[in-house]
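The values are calculated or read from the model by the stated rules, or taken from the named source; none is laboratory data. As the structure is a prediction and not an experimental result, all values here were calculated from the model. Virtual Cβ from ideal backbone geometry, glycine too; neighbours counted across all protein chains shown.
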């Protein structure tokens with residue numbers, strides 16, 4: 001894997017202790033591409049996202065790739081944050097206290113440094129159960145992501 005850097009792209013934060021970081025999506029990206037807040041979210045009501053999300057576990061990235069809206073196959077990218085990150089309160093405060101999923105968010109860009117090609121998806125039963133749970137939450141008026 002290589003990183004394409006240019007002078008107009010922000011430098012990554014140097015104080016991060018947890019690597020690698022992943023991002024699951026259906027977007028077709030290349031090394032050096034930046035994922036930035038302000039675009040339509042892959043989840044919920046598809047409003048403009050105030051954050052970009054990342055994880056230090058492959059399993060959480062697999063869920064992201066499988067559940068992202070849009071066309072095309074799910075993809076998992078290795079990413080590096082270009083600024084500070086924080087725990088993702090959508091998971092850590094509501095579902096998994098202490099952040100065992102190692103899920104984070106940032107208001108800064110994530111730079112794609114590679115793609116994970118050999119990941120294994122969840123079973124069709126697990127995926128269907130998750131989709132049904134998300135649909136139940138939607139019917140109750142609960143968004144998957146709250147900014």
> Only one of these conditions is not met by residue 59: (1) closer than 22 Å to residue 127 by Cβ; (2) modelled with pLDDT of 90 or more; (3) surrounded by fewer than 19 Cβ atoms within 10 Å (Cβ to Cβ); (4) touching a strand residue (DSSP E or B) at 6+ places or on another chain (Cβ under 7 Å). Which number is it?
Replying inline: (4)
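Given 15, 28, 8, which one is in a loop (DSSP other than H, G, I, E, B), over 16 Å from residue 88 (Cα atoms) and modelled with pLDDT of 60 or more?
On the way: 15 fails: modelled with pLDDT of 60 or more; 8 fails: modelled with pLDDT of 60 or more.
Answer to the check: 28.
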> Inside segment 115-130, can you point out the residues that are closer than 17 Å to residue 73 by Cα, in contact with a helix residue (DSSP H, G or I) (Cβ under 8 Å, 6 or more places away or on another chain) and assigned to a helix (DSSP H, G or I)?
Replying inline: 127
> Which residue pairs have Cβ atoms under 9 Å apart, sit 6 or more places apart or on different chains, and have a first residue in segment 70-99 that is on the phi < 0 side of the Ramachandran plot and at pLDDT below 70 and a second that is surrounded by 15 or more Cβ atoms within 10 Å (Cβ to Cβ) and part of a loop (DSSP other than H, G, I, E, B)?
Replying inline: 91/99; 91/101; 92/99; 92/101; 95/101
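Do we find a residue being part of a strand (DSSP E or B) and out of contact with any helix residue (DSSP H, G or I) (no Cβ under 9 Å at 6 or more places or on another chain) anywhere in segment 57-75? Give the steps one after another, and end with the answer.
Narrowing segment 57-75 to residues part of a strand (DSSP E or B): 75.
Within this subset, residues satisfying the condition of being out of contact with any helix residue (DSSP H, G or I) (no Cβ under 9 Å at 6 or more places or on another chain) are none.
No, segment 57-75 contains no residue that is part of a strand (DSSP E or B) and out of contact with any helix residue (DSSP H, G or I) (no Cβ under 9 Å at 6 or more places or on another chain).
Mind listing whichever residues of segment 131-140 are assigned to a helix (DSSP H, G or I) and either more than 23 Å from residue 35 (Cβ to Cβ) or free of Cβ contacts under 8 Å to residues at least 40 places away in the same chain (or both)? I'd like the intermediate steps shown before the answer.
Residues of segment 131-140 assigned to a helix (DSSP H, G or I): 131-139.
Within segment 131-140, 131, 132, 133, 135, 136, 137, 138, 139 qualify.
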